[in-house]
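For reference, the structure is listed below as structure tokens.
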Amino acid sequence: MVVFLEEKSPIGILILRNLKKINRTQKWLSKKTGYSITYIQKVLNGKVKKPSFDFICKVSCALEISIEEFTNINEGNEHESE
């Protein structure tokens, strides 16, 4: 399956890149976090604008990345809109 990153949200890009690094799928992430694949896809596509802190914590734990990486994305987007 081909994924076009330019069609994804900044959080989606971060998640997809890290899934690729550890050779895992969205289905794996769903099982690991307890969130449905549908919800994860909505986050990836930007349909969920502000995922919950619980979601961010579970994803960062599953992907073994820091929560700060998500924070940096949000800060970058706020500066772009100014």
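The values are calculated or read from the model by the stated rules, or taken from the named source; none is laboratory data. Since this is a predicted model, take the numbers as computed values, not measurements. Because the Cβ atoms are built from the backbone with ideal geometry, glycine has one as well, and the counts that use them run over all protein chains shown. Calculation scope for accessible area: heavy atoms of the full protein, side chains included, ligands and nucleic acids excluded. Shrake-Rupley method; radii C 1.70, N 1.55, O 1.52, S 1.80 Å.
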Revision key, fill the gap. About its Cα centre, the range 11-51 carries a charge dipole, from +1 on Lys and Arg Cβ atoms and -1 on Asp and Glu Cβ atoms, whose size in debye to the nearest 20 is 40 debye
Practice item. Can you spot the lysines whose alpha carbon is less than 18 Å from Lys27's alpha carbon? Ignore those fewer than 8 places along the same chain. Key: Lys8, Lys42, Lys58
**Study point:** Residue-level accessible surface for Thr33, protein heavy atoms, 1.4 Å, Å²
**Key:** 10 Å²
